[in-house]
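**Q** If you scroll down you'll find the structure; I have some questions about it.
The values are calculated or read from the model by the stated rules, or taken from the named source; none is laboratory data. Nothing here was measured: the structure is a model prediction, and the numbers come from that model. Backbone-built Cβ (ideal geometry, glycine too); neighbour counts: all protein chains shown.
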Amino acid sequence: MSTSHFSSEAGGTPTAAGRFVDVSAIEPVEFVPGLEFRPVLGEKTMTNFVRFAPHTEAPLHVHEEEQIVIVLEGEFEFELDGEVRTMRAGDVAVAPPWVPHGARTTDSGCYEVDVFNPPRRTLLEHAAAQVTGRAAPSSGGDDPENSPV
């Protein structure tokens, strides 16, 4: 079983070179005060490293991309399809396309990772700039329904 999972036989041709990413060196995008996004773009998937300051809200919203939320540090209240839970380090939530979701911190902050497939459209230009080395665009106020969380 493990030999099939960790096979070293190439069944195709690489589509890009592998690369290492220093997330702390990515210029954050801030759509609302206290909410920083640092997106990392792969070939077909995006990870977004998100830091919530205390008392910060990502408004309830929907989007076409599937999103998996993984809490690394701290905690926040996460609303998913009408249900609210306090999520802490190690907790995971899955938001399929078009399912309403949002988050808010109280007295503590939260550091979490969002995985998007396909890549989150509202973060795509900023994330692509990290790959190509172009200057990242400035952040701006987005409509909460199109929030990148």
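**Q** Within the stretch 127-135, does at least one residue satisfy the condition of being part of a loop (DSSP other than H, G, I, E, B), modelled with pLDDT under 95 and over 25 Å from residue 14 (Cα atoms)?
**A** yes
**Q** Which members of the stretch 69-127 meet the condition of being polar (S, T, N, Q) and within 12 Å of the chain's Cα centre (by Cα)?
**A** 117, 122
**Q** On to the next question. Consider only pairs whose beta carbons are under 7 Å apart and that are at least six residues apart or on different chains; among these, list those whose first residue lies in the stretch 25-41 and is among the basic types (Lys, Arg) and whose second residue is assigned to a loop (DSSP other than H, G, I, E, B).
**A** 38/26; 38/28
**Q** So residue 111 clears everything in (1) surrounded by fewer than 19 Cβ atoms within 10 Å (Cβ to Cβ); (2) part of a loop (DSSP other than H, G, I, E, B) except one condition, right? Which one?
**A** Unmet condition: (2).
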